[in-house]
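Shown next, in structure tokens, is the structure this report addresses.
The values are calculated or read from the model by the stated rules, or taken from the named source; none is laboratory data. These figures come from a predicted structure and were not determined experimentally. So basically every Cβ, Gly included, is an ideal-geometry build from the backbone, and we count neighbours across all protein chains shown. SASA here: full protein model, heavy atoms, side chains in, ligands and nucleic acids out. Shrake-Rupley method; radii C 1.70, N 1.55, O 1.52, S 1.80 Å.
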Amino acid sequence: MIISPGVTPGASVAEAAQPAPAIGPTAPAPVRNMAADESAAVRAVDGFWRRHFPQYFHRGYTSPRVTGPYHGSKGPSCDGERTLAFNAFYCKPQDFLAWDDNLMSAGYQKIGDAWVYLIIAHEWGHAIQARLSKRWVSVAAELQADCLAGATLHGAQRDGLLRADPGDDGEITRGLGAVADDYAWTASGDHGNAQQRVHAYQAGSQDGVAACFRTGQ
């Protein structure tokens, strides 16, 4: 999965350059490309919400800060709480996203480059939740964030911000299913089990943002 060239945070979809080339084989990509994918994911996800947040919620959108990546436990504190290793998170009090590159690297090598886009889109989903009235946020907030990740990544493809390889959805499904409970970020006690997470992601990818706010989602 790769972003179309020329898209920067705050740019409209109309400003995107020609479609990006597909990245080729769906096997896990070399880690040396991971930083580029992290930056691409941030630009694509932010670009999607800049266009569609006002459309869905009838209010202005501001981007969260991105302070990731960090390494191990040496990350930014959130409201005085220390950073966890092998984790990715959104800090609501300070409105920022961060992630441990060790977590990114592990999934990048085992699953593929789509892992990076999934994590960033999921944490951005929490930033979207923080911008809404509490009545919009599901009690299953982590599954709702998975749903928003699916809506975001597939919506970004439709907008021309991303061009996906045929194997990307399979990588994401394996990522949500195969590594449940391995890391804090995938702990089923917090995020839902693998089947629930895959179902939530697919609901968003198939039916868009509105699916993530239906009763019972």
* Report the residue count in segment 95-117 for those that are of a type in the set (Ser, Thr, Tyr) and either at positive phi or at pLDDT 95 or above (or both). => 1
* To do: Check residue 98 against each of (1) more than 22 Å from residue 196 (Cβ to Cβ); (2) in a strand (DSSP E or B); (3) out of contact with any Gly (no Cβ under 7 Å at 6 or more places or on another chain) and name the one condition it does not meet.
  => (3)
* segment 172-217 - residue that is of a type in the set (Gly, Ala, Ser), part of a helix (DSSP H, G or I) and at pLDDT below 75 and, of those, farthest from the chain's Cα centre (by Cα) -> 189
* Going by the conditions given, is residue 120 under 18 Å from residue 164 (Cβ atoms), at pLDDT 95 or above, crowded, with 18+ Cβ neighbours inside 10 Å and not basic (Lys, Arg)? -> yes
* Asked: Does any residue of segment 1-22 turn out to be modelled with pLDDT under 60, at negative phi, open to solvent by 30 Å² or more (accessible area, probe 1.4 Å) and in contact with a Pro (Cβ under 7 Å, 6 or more places away or on another chain)?
  -> yes
* Any pair with Cβ under 8 angstrom, 6 or more apart, that starts in segment 126-150 at a residue that is farther than 18 Å from residue 93 by Cβ and ends at one that is open to solvent by 20 Å² or more (accessible area, probe 1.4 Å) and of a type in the set (D, E, K, R) -> 142/190
* Asked: Do we find that residue 100 is free of Cβ contacts under 8 Å to residues at least 40 places away in the same chain, in contact with a strand residue (DSSP E or B) (Cβ under 9 Å, 6 or more places away or on another chain), of a type in the set (D, E, K, R) and open to solvent by less than 30 Å² (accessible area, probe 1.4 Å) in this structure?
  -> yes
* Asked: Of everything in segment 34-59 that's open to solvent by 60 Å² or more (accessible area, probe 1.4 Å) and touching a Phe, Trp or Tyr at 6+ places or on another chain (Cβ under 8 Å), which residue is nearest to residue 162 (Cα to Cα)?
  -> 50
* Among the candidates 129, 109, 157, 144, single out the residue that is outside any loop (DSSP other than H, G, I, E, B), open to solvent by less than 10 Å² (accessible area, probe 1.4 Å) and not basic (Lys, Arg). => 144
* To do: Look at residue 110 and say whether it is among the basic types (Lys, Arg) and touching a residue at least 40 places away in the same chain (Cβ under 8 Å).
  => yes
* To do: Determine, yes or no, whether residue 69 is closer than 21 Å to residue 157 by Cβ and at pLDDT below 95.
  => no
* Asked: In segment 131-148, is there at least one residue being of a type in the set (A, V, I, L, M, F, W, C) and within 21 Å of residue 36 (Cβ to Cβ)?
  -> no
